[in-house]
Amino acid sequence: MTETRTAVIIGAGLIGLSTADSLIRRGVEVTVVDARDGPVRGTSFSNSGMIHPSQARSWSPTRKATQAQRDAESATRDLAKDAMPRLLSRMEELGLQDMRARPRGCYQIFPDLDAARAAQTQLSADGITANVVIDPSRTFSKPALFFPEDRSGDAHAYGCALADDLTARGVTFIYGAGDVRMRWDSVPGRVAVSLAGHRFRADDVVICTGARSSEILAPLGLSARITPVRGWAVDFDLPADFRLPPTPVMDAVSRSALTVFEDRFRLSGTWNEDSARPLLERWAELIPDVLGRAKQARSVWSGLRPVSGAGRPYIGAAPIPADRGDTAGEPGTPSRLWVNIGHGHMGWTLCAGAGELAAAMITGEREDARFAYGG
């Protein structure tokens, strides 16, 4: 009789949940562990809502257009294209038809028409469809690019629905696990996981811990080139006397966006600012009539995007450190420690594809060196 394969996933964000989803479909027995008290409480708790393959490139102000960077962005775009139909299909299966039916597309506004056209030329060279438009009702009278293949949705609502579905299908969740400890196991290549009241010796351990990944991997003698980059989100009640665009509007200048949800609108983004003030000041310039009449913000939130040094996610087996051969197995021993980390601002867009790719790698169905671990 064949024993059921087991896996422990560290992290109950969109990436961890999607990885669990794809593993349990393959008959793997899955336990998900998270330090917080519920699912999707990290980076995707209050994100922009944009599902945007068009933005599969680094948003870093110091981005360098090297060949390695272009290759990383190309790999991320391919993963985003694979992820989109999977994500939309899961919305349907989870009963989120209203989310799936949201208007298609996203806009990105620019200071002037020349800047919009220059961006369009670059995007076209990368195979991304972007149409130049000026629509006062949707782009605040700014020149813009419209990305017809993009979508949007509430990432937190999706993640909560997916977690409920996974629970119903037999996935075990352990929340509030702030004292997770990992060590290389006596079985070469495997990792043992322990926390208060629990000890696991699973066949596979998958790290899906976003911005905390370097901290989580360090006790195993591993480093990860993951930089936490802070972003902000501010929610407001929908204005009664001003119609906002039904599709998200990105601002190329501030790396931020306005997104309308069912009962609120959200301003979100920026790159490592210390407060939400720069975000609010920028949108006060863009939509003064709206923010000038807005009531007090419903919520102000900040989270850390897990930005990888390679400019693309790390998905695959983590190596066994050379100095851990006595406890983890000699170099070359197959590692059963996996990572699905470093998705930056693309976690909501990539989650379904990244989870599927990780699960296929874990079960030996597929390899993809483009996403190799970058320690």
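The values are calculated or read from the model by the stated rules, or taken from the named source; none is laboratory data. These numbers were taken from a predicted model, which means no experiment stands behind them. Quick reminder, even Gly has a Cβ in these numbers, built from the backbone with ideal geometry, and neighbours come from all protein chains shown.
With the range 89-170 as the region, which strands (runs of 3 or more DSSP E) entirely inside it contain at least 1 residues that are touching a Cys at 6+ places or on another chain (Cβ under 8 Å)?
Filter on the range 89-170 gives 144-147.
Pairs only if they're at least six apart or on different chains, beta carbon under 7 angstrom, first in the range 100-117 and at positive phi, second not in a loop (DSSP other than H, G, I, E, B); list them, first residue then second.
Qualifying pairs under 7 Å: Gly105/Phe146; Gly105/Phe147.
Restricting attention to the range 175-191, and to residues there that are touching an Asp or Glu at 6+ places or on another chain (Cβ under 8 Å) and surrounded by 18 or more Cβ atoms within 10 Å (Cβ to Cβ), which single residue is modelled with the lowest pLDDT?
Ala177
Kindly list, by first and then second residue, each pair from a residue in the range 151-172 that is more than 17 Å from Ile9 (Cα to Cα) to a residue that is surrounded by fewer than 16 Cβ atoms within 10 Å (Cβ to Cβ), limited to pairs with Cβ atoms under 7 Å and residues at least 6 apart or on different chains.
Once the first residue is more than 17 Å from Ile9 (Cα to Cα) and sits in the range 151-172, its partners that are surrounded by fewer than 16 Cβ atoms within 10 Å (Cβ to Cβ) give Arg151/Arg104.
Suppose we filter the range 275-294 for residues that are surrounded by fewer than 17 Cβ atoms within 10 Å (Cβ to Cβ) and touching a strand residue (DSSP E or B) at 6+ places or on another chain (Cβ under 6 Å); how many remain?
The total comes to 0.
From the list Val290, Val300, Val307, which one is closer than 30 Å to Lys81 by Cβ, β-branched (Val, Ile, Thr) and in contact (Cβ under 8 Å) with a residue 24 or more places away in the chain?
Going through Val290, Val300, Val307 in turn, the sole match is Val307.
Mind checking whether some residue in the range 237-250 is among the basic types (Lys, Arg), closer than 30 Å to Arg293 by Cβ and assigned to a strand (DSSP E or B)?
No, every residue in the range 237-250 fails to be among the basic types (Lys, Arg), closer than 30 Å to Arg293 by Cβ and assigned to a strand (DSSP E or B).
Have a look at Ala218, Ala202, Ala233 and point out the one that is outside any loop (DSSP other than H, G, I, E, B) and more than 17 Å from the chain's Cα centre (by Cα).
On inspection, the qualifying residue turns out to be Ala218.
Can you tell me how many residues in the range 326-348 are of a type in the set (Ser, Thr, Tyr) and modelled with pLDDT of 85 or more?
The number of residues fulfilling the criteria is 1.
Being acidic (Asp, Glu) and farther than 30 Å from Val193 by Cβ, is that true of even one residue in the range 14-33?
no
Can you tell me which residues in the range 225-265 are hydrophobic (A, V, I, L, M, F, W, C), touching a residue at least 60 places away in the same chain (Cβ under 8 Å), more than 22 Å from Arg41 (Cα to Cα) and buried (at least 16 other Cβ atoms within 10 Å of the Cβ)?
Val249, Met250, Ala252
If I ask for residues that are small (Gly, Ala, Ser), exposed (fewer than 14 other Cβ atoms within 10 Å of the Cβ) and modelled with pLDDT under 95, which ones from the range 55-97 would you list?
Ala65, Ala68
I'd like the full set of residues that are of a type in the set (Val, Ile, Thr), closer than 15 Å to Ala352 by Cβ and in a loop (DSSP other than H, G, I, E, B), limited to the range 7-41.
Val40 - this is the single residue of the range 7-41 that is of a type in the set (Val, Ile, Thr), closer than 15 Å to Ala352 by Cβ and in a loop (DSSP other than H, G, I, E, B).
Would you mind finding the one in Ser268, Ser335, Ser299 that is of a type outside the set (A, V, I, L, M, F, W, C) and surrounded by fewer than 18 Cβ atoms within 10 Å (Cβ to Cβ)?
The conditions single out Ser299.
Please go through the range 187-197 and give me each residue that is more than 17 Å from Ala318 (Cα to Cα) and either touching a residue at least 40 places away in the same chain (Cβ under 8 Å) or in a loop (DSSP other than H, G, I, E, B) (or both), ordered by number.
Leu195, Ala196, Gly197
Could you grab me the full set of residues in the range 60-88 that are polar (S, T, N, Q), in contact (Cβ under 8 Å) with a residue 40 or more places away in the chain and in a helix (DSSP H, G or I)?
Matches in the range 60-88: Gln69, Ser74, Thr76.
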